[in-house]
Amino acid sequence: RERLKDGAHIRVLISEPESSATQMASLRSEDPDEGIYFNKRLAATIQDIEYLHKTWMEYQPSGKSMKGVLEVRLLQYAPSFSVLVFNGNQPQGKVIVELYAHKTFMETAVFTLNSQKDGNWYEYFVSQFEVMWKEAKKWEPKLPVNQKAG
């Protein structure tokens, strides 16, 4: 919420709960029966996003436009990596990538890329996010928002 108050444009890309994404993730894991775990984690994430959206909308002063923007989209599959992009198309941009392990219980590979020193790989992961973003469907909140009367 603090970043939204500061005017940040936040885009969140997660797997669609009704898709086969959690099944795909559990097939990649060491224990193929972890589907229940992944379903619970995804449901909790959606709940957190709904709460953030609801509280952000209710925070807005009546009649004033919002500074920050929160957008959420849903993928029909489970990517093999996560990516956090900060100031993606700016000279001071930074990308944090986490590659998920397959069929082994080991640490995931996490690395940070800088737009100025990691050019090609930096651009690769920023563009991968954009490709996934474009093909994902828009998320709609289920929690009602109580707008303050002004």
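Please treat every number below as a calculation from the coordinates, not as lab data. Note that the structure is a prediction, hence the values are computed from the model and not measured. Note that each Cβ is placed from the backbone with ideal geometry, even for glycine, and that neighbours are counted across all protein chains shown.
Summary table
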item	result
Rounded to whole Hz, the Karplus (6.51, -1.76, 1.60) HN-Hα couplings of the stretch 41-50, x for glycine and proline	5, 5, 4, 5, 5, 4, 4, 4, 5, 4
Cβ-defined net charge surrounding Ala8, 12 Å radius [Lys, Arg +1; Asp, Glu -1]	+2
Val12 long-range amide H proximity, modeled H, under 5 Å	Glu71, Val72, Arg73
Cβ-based net charge around Ala136, under 9 Å, with every Lys or Arg adding one and every Asp or Glu removing one	+2
